[in-house]
1. Which of the residues that make up region 67-79 are within 20 Å of Ser192 (Cα to Cα) and in contact (Cβ under 8 Å) with a residue 12 or more places away in the chain?
2. Filter region 73-96 down to residues that are more than 17 Å from Ala244 (Cα to Cα) and aromatic (Phe, Trp, Tyr) and give me whichever is surrounded by the most Cβ atoms within 10 Å (Cβ to Cβ).
3. Taking helices (runs of 4 or more DSSP H) that fall entirely within region 189-248, which contain at least 3 residues that are within 22 Å of Leu105 (Cα to Cα) and either touching a residue at least 40 places away in the same chain (Cβ under 8 Å) or within 17 Å of the chain's Cα centre (by Cα) (or both)?
4. Would a scan of region 182-192 turn up a residue that is surrounded by fewer than 16 Cβ atoms within 10 Å (Cβ to Cβ) and not polar (S, T, N, Q)?
5. Out of curiosity, is Ala68 surrounded by 19 or more Cβ atoms within 10 Å (Cβ to Cβ), in contact with a Cys (Cβ under 9 Å, 6 or more places away or on another chain) and either more than 21 Å from Gly157 (Cα to Cα) or modelled with pLDDT of 85 or more (or both)?
6. Can you tell which of Leu101, Leu108, Leu159 is within 24 Å of Thr224 (Cα to Cα) and modelled with pLDDT of 95 or more?
7. For a quick check of your reading of the model, give me the residue pairs whose first member lies in region 119-142 and is more than 14 Å from Ser197 (Cβ to Cβ), whose second is buried (at least 18 other Cβ atoms within 10 Å of the Cβ) and among the β-branched types (Val, Ile, Thr), with beta-carbon atoms closer than 6 Å and at least 6 apart or on different chains.
8. What is the number of the single condition among (1) surrounded by fewer than 17 Cβ atoms within 10 Å (Cβ to Cβ); (2) touching a helix residue (DSSP H, G or I) at 6+ places or on another chain (Cβ under 7 Å) that Leu148 does not meet?
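The values are calculated or read from the model by the stated rules, or taken from the named source; none is laboratory data. Every value quoted in this text rests on a predicted model; they were computed, and no experiment measured them. Virtual Cβ from ideal backbone geometry, glycine too; neighbours counted across all protein chains shown.
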Amino acid sequence: MQLPATNDVAEEVASSEVSSPRAASESTTDSEVEGHTPAHRRIKDTPDSAVKYHSASTLRRCATKLPALLITLFLELIPALVYSNGYSLLEPYIGEEKSNLFIALNSLVAAVAGNFALQNSSNMSRAISIGIITKDRWMGHAFKEFLLGCVLSVELGVLFFVITGFVISPILFHGEVDATLGGVLALVFIVSTTIGSFSGLITPPVLYFFLRLDPSACAGPGETCFQDVVGSVVMVYMAQGVFALGRG
């Protein structure tokens, strides 16, 4: 009497084994991107740079990362010099206290812009590693992320305008609401974060597809230094120009 039950169980197991590949293939249809390639196939195609790095010795890994770190070290001297002179450029237009605040808020703007760059760089590096984007089809993916970055930049810029012009200014400047200062800071914030978003998107595909370099080891100068150097110039010299126009 036990044999029929055993046979039934065996038939159920066999039928489930036959149907499981179909279920697996159906489950991957939502993950098919760019060329309708299943996700489990794309993940198997590991980039050569990742394989070489994880099989390398400690000294070899140091040699891989050191050039990007040295470039970052020297390039970051540029924004440091710009900010060191920023106070003297802004003080004639907005005074000593507001110039100090403006330069002090640089660290906040740089941190948020750097986060934009880091998020987009990580996203693009992941897309490259699992094969979602290729050398011929990466600009569409990057463009969508760039539009998203622009929207987020404007949203956070409006919030930054309210915080700096209507919250921080009254606290530090004896109840004085300064919409002009907040507006210029918001403009600088939006431009800097947009630059950070762009640099984070463009660096991994350029490094991997065109220069054949590992984005995880070499993306630093592209996504942080570019954003910091350009952002520092934007923050000081654009602000100086806007304040000069407002004064004139």
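1. Matches in region 67-79: Thr72, Leu75, Glu76, Ile78, Pro79.
2. The residue in question is Tyr83.
3. The qualifying helices (runs of 4 or more DSSP H) are 226-233, 239-247.
4. no
5. Judged against the criteria, Ala68 is a match.
6. Numbers: Leu101 fails: modelled with pLDDT of 95 or more; Leu108 fails: modelled with pLDDT of 95 or more.
None of the other options fit; the residue is Leu159.
7. Ala127/Ile133
8. Result: Leu148 passes all but (2).
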